[in-house]
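Before any comments, here is the structure.
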Amino acid sequence: MFLSVFDMFKVGIGPSSSHTMGPMVAAARFLDKMRAAPFDCVGLRASLHGSLAFTGIGHATDRATILGLAGFVPETYDNAKAEIALAEIREQHFVTPDGLPRLKFNPHNDLAFDYGPPLPGHTNGMILMATDAQGDVILQETYYSIGGGFVMTDAELAAGKDTDEGDPVPYPFKSAAEMLEMTVTTGKTIAELKTANEIARGCPVSLKSGLTRLWQVMNDCIERGLVTDGILPGGLNVKRRAKSIHTALMAERGMNLTAPHTINDWMSTYALAVNEENAAGGQVVTAPTNGAAGVMPATIRYWLDHVPGATIARVDEFLLTAAAIGGLVKFNASISGAEAGCQAEVGSAAAMSAAGLCAVLGGTPQQIENAAEIALEHHLGMTCDPIKGLVQVPCIERNAVGAIKAISAASLAMRGDGTHLVPLDACIETMRVTGLDMGTNYKETSLGGLAVNVPNC
């Protein structure tokens with residue numbers, strides 16, 4: 001099993017990797033399918049199902065789908081151009097993607113929210129259709145946004161999770177146990193195993209430049225969040241807090257009266273900065289999702305800014321180690337809140353971050369696996385119940401607490417020798433089964449939990 005670090009971490013836009021990025025990616029794939037079709041298409045239609053329908057407005061799924069069908073993609077997304085395009089589409093009822101004729105598309109009539117039962121493959125389902133001059137559907141595809149910006153068609157989903165058509169990698173592992181055994185037999189670290197696998201599918205220069213860009217985007221997101229205030233969009237009137245907290249922390253620096261636990265506020269404000277940017281539709285890195293995008297940047301920034309001996313040269317090691325753990329979670333369970341609740345998002349992010357931090361702190365592979373297990377174990381059962389379908393409450397604060405848990409887990413693991421009772425593989429399996437047992441109301445539908453117990457209008 002191989003999942004590239006650049007599949008696990010993608011540069012994209014907020015507020016949701018599964019509800020915003022995924023539909024935009026699906027639309028781009030459908031446009032490619034239309035370009036390859038041996039007939040002319042005249043119009044477009046789309047229907048959103050399951051969680052994409054229930055929380056679609058709050059997650060900007062409709063906006064992402066419209067822009068995706070107009071040719072926008074997350075990697076090169078330009079918000080100013082997007083706003084102009086949206087206004088034109090809503091006024092003229094046409095989209096003009098590159099390589100295709102002008103296509104009829106009236107968002108009011110041609111984009112449907114289906115609040116009935118979800119499609120059979122996954123709760124995040126959507127159907128994209130192309131029509132002829134008479135309005136009849138002549139091309140259709142069903143897509144599932146399975147979390148973290150990953151998109152699969154019906155056929156791809158049916159083929160199974162272990163479909164891997166790329167070149168063989170030297171160190172394939174499907175479980176943490178296999179991964180640890182490889183570190184013992186080869187003497188390599190987890191990051192070194194991951195590096196060798198990445199180079200087998202790419203090249204060292206691309207790997208290095210790609211990892212550098214990932215951290216740059218993460219850190220830029222933190223910096224924007226630390227200097228921006230105001231009210232987040234969506235109607236909940238949630239006030240940005242990262243800037244004011246950061247300003248207060250900077251003023252307190254060097255003061256003897258500062259309590260030791262104030263370090264938690266530093267960790268939190270980094271995470272708040274990212275997730276406030278995400279909630280505002282800004283550029284983030286899925287880590288492994290947008291809803292959990294703040295945990296890892298906050299953990300790395302804490303390490304760089306507050307831990308003696310930290311160096312930016314080792315951020316690559318952090319990201320590669322984290323990606324190895326994330327791949328195990330995705331392959332054996334889920335990173336989708338709509339599929340397994342927030343344990344699959346912030347829980348996975350905390351496990352990945354704990355592993356990465358433990359690695360750069362000098363932890364052994366066994367301690368790294370222990371760190372990931374501790375962090376994931378203490379997110380088991382966490383529901384996904386965003387108020388009004390927005391990635392704001394409880395999501396923003398949840399990232400802050402997730403970063404604190406990740407750092408605590410790494411520290412606890414470093415105090416031991418790596419031996420522990422619950423293997424990471426068992427914890428991942430527990431998360432999978434817990435997600436299956438969890439009621440649909442608590443998996444990103446906004447039909448239960450905080451979403452119905454807190455007034456939101």
Quiz prompt | Within the stretch 402-436, considering residues that are of a type in the set (D, E, K, R) and assigned to a helix (DSSP H, G or I), the one nearest to His379 (Cα to Cα) | solution = Lys405
Quiz item: Within the group Ile404, Ile396, which residue is in contact (Cβ under 8 Å) with a residue 40 or more places away in the chain and either out of contact with any Gly (no Cβ under 8 Å at 6 or more places or on another chain) or surrounded by fewer than 24 Cβ atoms within 10 Å (Cβ to Cβ) (or both)?
Solution: Ile404
Quiz item: Which of (1) surrounded by fewer than 19 Cβ atoms within 10 Å (Cβ to Cβ); (2) outside the structural domain of Ala333 (by TED's automatic domain parsing); (3) not polar (S, T, N, Q); (4) not in a loop (DSSP other than H, G, I, E, B) is the odd one out, the single condition Glu181 does not satisfy?
Solution: (2)
Quiz item: Restricting attention to the stretch 437-457, and to residues there that are part of a helix (DSSP H, G or I) and of a type in the set (A, V, I, L, M, F, W, C), which single residue is farthest from Ser175 (Cα to Cα)?
Solution: Val452
Quiz prompt | Residues that are surrounded by fewer than 24 Cβ atoms within 10 Å (Cβ to Cβ) and either within 17 Å of the chain's Cα centre (by Cα) or in contact (Cβ under 8 Å) with a residue 60 or more places away in the chain (or both), drawn from the stretch 309-319 | solution = Ile312, Val315, Asp316, Glu317
Practice problem: Determine, yes or no, whether Leu257 is at pLDDT below 95, not aromatic (Phe, Trp, Tyr) and not assigned by TED's automatic domain parsing to the domain that holds Thr142. | Solution: yes
Quiz item: Which ones in the stretch 185-222 are over 30 Å from Gly281 (Cα atoms), β-branched (Val, Ile, Thr) and in a helix (DSSP H, G or I)?
Solution: Thr185, Thr186, Ile190, Thr195, Ile199, Val205
Self-check item: Of all residues in the stretch 433-457 being surrounded by 16 or more Cβ atoms within 10 Å (Cβ to Cβ) and over 22 Å from Ile57 (Cα atoms), the one that is nearest to the chain's Cα centre (by Cα)
Solution: Gly435
Quiz prompt | Hits in the stretch 358-371 (condition: of a type in the set (A, V, I, L, M) and without any contact (Cβ under 8 Å) to a residue 60 or more places away in the chain) | solution = Val360, Leu361, Ala371
Self-check item: Residue selected from the stretch 232-276 under the condition in a helix (DSSP H, G or I) and among the β-branched types (Val, Ile, Thr), by the criterion surrounded by the most Cβ atoms within 10 Å (Cβ to Cβ)
Solution: Val274
Self-check item: Number of the exception - Glu252 against (1) within 30 Å of Cys384 (Cα to Cα); (2) modelled with pLDDT under 95
Solution: (1)
Practice problem: Return yes or no: is Thr434 modelled with pLDDT under 95, among the polar types (S, T, N, Q) and out of contact with any Pro (no Cβ under 7 Å at 6 or more places or on another chain)? | Solution: no
Self-check item: Lone unmet requirement of (1) surrounded by 22 or more Cβ atoms within 10 Å (Cβ to Cβ); (2) under 26 Å from Ala64 (Cβ atoms); (3) of a type in the set (S, T, N, Q) for Asn197
Solution: (2)
Exercise. Considering each residue of the stretch 139-152, count those that are of a type outside the set (Gly, Ala, Ser) and in contact (Cβ under 8 Å) with a residue 60 or more places away in the chain, and give that number.
Key: 6
Self-check item: Extreme residue, farthest from Lys330 (Cα to Cα), among residues of the stretch 1-22 that are among the β-branched types (Val, Ile, Thr) and in contact with a strand residue (DSSP E or B) (Cβ under 8 Å, 6 or more places away or on another chain)
Solution: Ile13
Quiz item: In the stretch 97-138, which residues are in contact (Cβ under 8 Å) with a residue 24 or more places away in the chain, acidic (Asp, Glu) and in a loop (DSSP other than H, G, I, E, B)?
Solution: Asp98, Asp132
Practice problem: Spot the failing condition for Ile428; the list is (1) more than 20 Å from Ala177 (Cα to Cα); (2) surrounded by 18 or more Cβ atoms within 10 Å (Cβ to Cβ); (3) hydrophobic (A, V, I, L, M, F, W, C), and only one is missed. | Solution: (1)
Quiz item: Just for the stretch 59-78: of the residues that are assigned to a loop (DSSP other than H, G, I, E, B) and either at pLDDT below 95 or within 18 Å of the chain's Cα centre (by Cα) (or both), which one is nearest to Cys395 (Cα to Cα)?
Solution: His59
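Yes/no matrix, rows are residues, columns are (1) touching a residue at least 60 places away in the same chain (Cβ under 8 Å); (2) over 16 Å from the mean Cα position of the chain (by Cα):
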{"position": "Met250", "(1), (2)": "no, yes"}
{"position": "Thr258", "(1), (2)": "no, yes"}
{"position": "Met267", "(1), (2)": "yes, yes"}
{"position": "Asn278", "(1), (2)": "yes, no"}
{"position": "Ala287", "(1), (2)": "yes, no"}
{"position": "Asn290", "(1), (2)": "yes, no"}
{"position": "Val307", "(1), (2)": "no, yes"}
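The values are calculated or read from the model by the stated rules, or taken from the named source; none is laboratory data. Note that the structure is a prediction, hence the values are computed from the model and not measured. Virtual Cβ from ideal backbone geometry, glycine too; neighbours counted across all protein chains shown.
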